[in-house]
Amino acid sequence: MIKENVAQLLNDQINKELYSAYLYLEFSNFYNDQGLNGFANWYMIQAQEERDHAMLFMQYMQNNDLKVTLDAIAKPDAELKTNMDPLSAGLKHEKYVTELIHTIYDAAYENKDFRTMQFLDWFVKEQGEEETNANDMIKKMELFGNDPKSLYLLDQEMAARTYSAPSLTL
């Protein structure tokens, strides 16, 4: 049985994942306005991933007969002025999400909630990948972002990203 404190953290995570999707849509819009359609594509796909993460949490709660409560999604507050701003804000946000996942995992561990811990294992791994991707994008922008031709090629690289739904089976 999933304890109330773990259930509340899981429910909160649904809403945090939906906020993440909203934040990444904001980043996509920023890059679209800059004419960097590849970066806009990268963050549009990132938004889709975050939405799917929310759906996985929701399905997990429903599969365990837990009530899901959806809250209002706050307007993203990231200040975006330069091409580096969304990347830096994205890394900061991914580190925050990692902390959230770890908090849920810790609560599940304290309650000997092994099912939830097993469910969260995929998200722990996923967050490691998310932070690595965010760091890599920052490094690439630092290396190539000031040269228009290199930025064009980097944008083309980001445009090649395609969406693949998570393969987590509940």
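The values are calculated or read from the model by the stated rules, or taken from the named source; none is laboratory data. Model, not experiment: these values are computed from the prediction. Counting neighbours? That spans all protein chains shown, and the Cβs are built from the backbone with ideal geometry, glycine included. Areas reflect the complete protein model, heavy atoms only, side chains present, ligands, DNA and RNA absent. Shrake-Rupley method; radii C 1.70, N 1.55, O 1.52, S 1.80 Å.
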Lys, Arg +1 and Asp, Glu -1 on Cβ, resulting dipole of the stretch 84-170 about Cα centre, debye, nearest 20
140
Long-range amide H partners of L36, meaning residues 5 or more apart or on another chain whose placed amide H is closer than 5 Å, are none
Trypsin sites (Lys or Arg not before Pro), restricted to the stretch 1-90: which are DSSP loop and have at most 16 other Cβ atoms within 10 Å?
K3, K67, K81
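List the chymotrypsin sites (Phe, Trp or Tyr not before Pro) within the stretch 9-110 that DSSP assigns to loop and that have no more than 11 neighbouring Cβ atoms inside 10 Å.
Within the stretch 9-110, no chymotrypsin sites (Phe, Trp or Tyr not before Pro) qualify (loop, at most 11 other Cβ atoms within 10 Å).
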What number comes out for accessible area per residue over the chain if the probe is 1.4 Å? Units Å², please.
56
Apply the Debye scattering formula to the chain, with a single equal point scatterer on each alpha-carbon and no solvent, then give log10 I(q)/I(0) at q = 0.15, 0.18 Å⁻¹.
-0.82, -1.09
